[in-house]
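Values in this text are rule-based calculations from the coordinates and carry no lab data. Note that this is a predicted model, so its numbers are computed, not measured. Please note: Cβ atoms are built from the backbone with ideal geometry, for glycine as well, and neighbour counts cover all protein chains shown.
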Amino acid sequence: MDEIVVRNLYKIFGPKPASVFPLLEKGLGKEQILAQTGHTVAINNASFTVRKGEIFVVMGLSGSGKSTLIRCLNRLVEPTRGEILIEGNDITKMGPAELREVRRKKLAMVFQRFGLFPHRTVLANVEYGLEIQGIDASTRRKKALEALELVGLKGWESSYPDALSGGMQQRVGLARALATGPELLLMDEAFSALDPLIRKQMQDELLRLQSRVKKTIVFITHDLDEALKIGDRIAIMKDGVIVQIDTPEGILQQPRNGYVAAFTQDVDRTKILTASSVMRNPDALVTSKDGPRVAIRKMQELGLSSVFVVGKERELRGLVTINACLQAVQEGKTQLEEILTTDFPTTSPDTPLRDLLPVAAQTKVPIAVVDERGTLLGIVVRASVLAGIMGQEVKGP
C-alpha cells in the first residue's frame, strides 16, 4: 500500500513561475533557466511513491532539491504544480484548517537542527506537540514518557537540553515527533549535524526503532553510505530531477547514468551487497531419487567435481562429489542418500558479502544459499563474490 503518491511535482522559485514551464518543455536545464529568467527550478517533474512502513531516502548534493521536496510534502514550501496524495488525499488542495489537522495528527518532522526549547525540560519538550493538540496533561505526560523510553532516554525527563549531548538532543527531537503518534515521519538531514560516531549510532537507533514502530519515513541525506544503510529504497536527485529510484543493491548494481555511477564508485560494496545479489541459479543439481551414475553424468556435462542434491520441494539434502560417486558405482550402491555429505558452507540470502569473503576464500565448493525452510535458492561461487565487490557480473557455470 502506498502511503504517499507524488505526481509531476514542480517547485519554481521566482516572481513568475508559470513563465518557466515553456522553457522546461523545450528541454532547458536549471542553470540555463536561472541565467535567462532569474528563476530557480528546485523540483522538476518529480514523481514517486512511498510505501507504507518503508524508509524512503531522498539523496543528492547541495542544491539538488531534496530539502525543498520534503518541505513540499507537508507544504512548508508551497508546490508550484503537481499532486501530493497522502493516504489518497491531495494535500496541495487542502485549506488551512484541513492542512493544520494533517500536520498535527498524520505528519511529524525531524530537522537537522534539533529545535529544542532551552527553557523546557526534556519531558516538556517531548510534550510540546501534544500540548499544541490540546491533549490533557495526564495523557500527554504518559505518551511523552513512552516516547522517551522508546528512544532510550528514560531517566532524563527532568534534564534540560544543554545538559545533553548532540545525539541525545536528536533523540529528544525524535521522541517529540513520535509522541504525537504520526503515521508519517519526515526527516530532513536529521543526523547531519552529529559527529561521525554519534551519527552511526543514531542510524542504528533509527533502524532499531523502525523494527518496532514501523512508521513510513521519508529521510533526506547527502550521504550515500547513510542512504544505503537505512533506506529500503533510494531516490537520487540532481538539479531538481529524480534521476533514479531503486533499492540500495539496485543503485550499486545498475546505476542509471554516469552521475549515479560516480556516487557509487567509492562505496564499500561488502557492507551493502548480499548473497542474493551475486547468487545464481544452481544448474548443477540432482534429486535424491537419482543414483550415482546420474550424478556422474551431470558432473561430466558441466565439468564439475561435485553437485548439490535436493528433494522433491527443492529442499537441500546435501552434496555428492565425483570421487564418492565413482566409488559408489564400484561398490554397487544405487542411492545418493548413502554417499551424501553436509560438509559444505550454506548462507541466507541476506548475508552481506563482507561475511562471505572469508568463507569464499576457503571453500572448494560453491556456497549454498538457502531460506529458513532449507530450500535451495541459488549458489555463490568465489568469483561471484569478488565480481560483486567490484561491481561486475560473472557468467558461466
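If the limit is 18 Å between Cα atoms, which of K289/K312; K52/K106; K106/K229; K52/K105 go over it? Numbers along the way, then the final one.
Values: K289/K312 9 Å; K52/K106 13 Å; K106/K229 26 Å; K52/K105 16 Å.
Among K289/K312; K52/K106; K106/K229; K52/K105, the Cα-Cα distance tops 18 Å for K106/K229.
Can you tell me the orientation of helix 96-105 relative to the chain, as the angle in degrees between its alpha-carbon axis and the longest Cα principal axis, to the nearest 10?
Relative to the chain, helix 96-105 is tipped by roughly 50 degrees.
Can you spot the lysines whose alpha carbon is less than 17 Å from K66's alpha carbon? Ignore those fewer than 8 places along the same chain.
Those lysines meeting the cut-off are K11, K30, K238.
Between 0 and 90 degrees, rounded to the nearest ten: what's the tilt of helix 137-150 against the longest Cα principal axis of the chain?
The two axes meet at around 40 degrees.
Taking the Cα centre of segment 239-331 as origin, sum charge times position over the Cβ atoms of Lys and Arg (+1) and Asp and Glu (-1), and report the length of that vector in debye to the nearest 20. Don't skip to the answer; put the middle values down first.
Numbers: 11 positive and 11 negative charges, 88 e Å.
In debye, rounded to 20, segment 239-331 gives about 420.
Calculate, in nm to one decimal, what H119 and N281 gain on full extension: separation in residues at 0.36 nm each, minus their alpha carbon distance. Please list the in-between numbers first.
On the way: separation 162, 0.36 × 162 = 58.32 nm, distance 6.18 nm.
Working it through step by step, the gained length comes to 52.1 nm.
Among rounded, prolate and oblate, which fits segment 51-268 when a ≥ b ≥ c are the square roots of the eigenvalues of its C-alpha gyration tensor, a/c under 1.5 means rounded, and a/b larger than b/c means prolate?
Numbers: a/c = 2.13, a/b = 1.37, b/c = 1.56.
Because a/c hits 1.5 or more and a/b fails to exceed b/c, segment 51-268 counts as oblate.
For K214, list the aspartates and glutamates whose Cα falls under 18 Å from its own Cα; do not include residues on the same chain fewer than 8 positions away.
D2, E3, E54, E87, E146, E149, E183, D204, E205, D232
So what J values fall out for segment 240-252 if you push phi through Karplus, 6.51 cos²θ - 1.76 cosθ + 1.60 with θ = phi - 60°, rounded to Hz, Gly and Pro as x?
Values, residue by residue: x, 9, 7, 8, 6, 10, 6, 6, x, 5, x, 4, 6 Hz.
Could you give log10 I(q)/I(0) at q = 0.12, 0.15, 0.19 Å⁻¹ for segment 276-390, computed by the Debye formula over C-alpha point scatterers of equal weight, without solvent?
Per q value, in the given order, log10 I(q)/I(0) is -0.42, -0.63, -0.96.
Could you give the angle, 0 to 90 degrees to the nearest 10, between helix 166-179's Cα long axis and the longest principal axis of the Cα atoms of the chain?
Once rounded, the angle reads 80 degrees.
Check cross-link reach from K298 to the aspartates and glutamates: straight Cα distance under 15 Å, and skip same-chain residues fewer than eight apart.
D283, D290
Could you list which residues have their amide H under 5 Å from that of G318, counting only those 5 or more apart in sequence or on another chain, with H placed in the peptide plane?
V309
For the chain, rounded, prolate or oblate, judged on the Cα gyration tensor with a ≥ b ≥ c (square roots of eigenvalues), a/c < 1.5 rounded, else prolate if a/b > b/c?
Working: a/c = 2.82, a/b = 1.82, b/c = 1.55.
Judged from the Cα gyration tensor, the chain comes out prolate (a/c at least 1.5, a/b above b/c).
Please compute the modelled spin-label separation between R297 and K312, points set 7 Å along Cα→Cβ, answer in nm with one decimal.
The answer from the label model is 2.3 nm.
Under a crude label model (7 Å from the Cα following the beta-carbon direction), how far is L34 from F111 in nanometres?
2.4 nm
First measure r as the distance between the Cβ atoms of S192 and A361, then evaluate 1/(1 + (r/R0)^6) with R0 = 22 Å and state the FRET efficiency to the nearest 0.05. Can you show the working numbers first?
Numbers: r = 37 Å, r/R0 = 1.70.
Taking R0 as 22 Å, the efficiency between S192 and A361 is 0.05.
Can you compute the charge dipole magnitude of segment 209-259 about its Cα centre, using +1 on each Lys and Arg Cβ and -1 on each Asp and Glu Cβ, nothing else charged? Give it in debye, rounded to the nearest 20.
280 debye
Using +1 on the beta carbon of Lys and Arg, -1 on that of Asp and Glu, and nothing else charged, what's the dipole of the chain about the Cα centre, debye to 20?
On the way: 52 positive and 47 negative charges, 117 e Å.
So the dipole magnitude of the chain works out to roughly 560 debye.
Kirkwood hydrodynamic radius of segment 1-101 from all distinct Cα pairs, in Å? Present the calculation step by step, with values, prior to reporting the outcome.
Working: mean 1/r = 0.0692 Å⁻¹.
Evaluated on segment 1-101, it is 14.4 Å.
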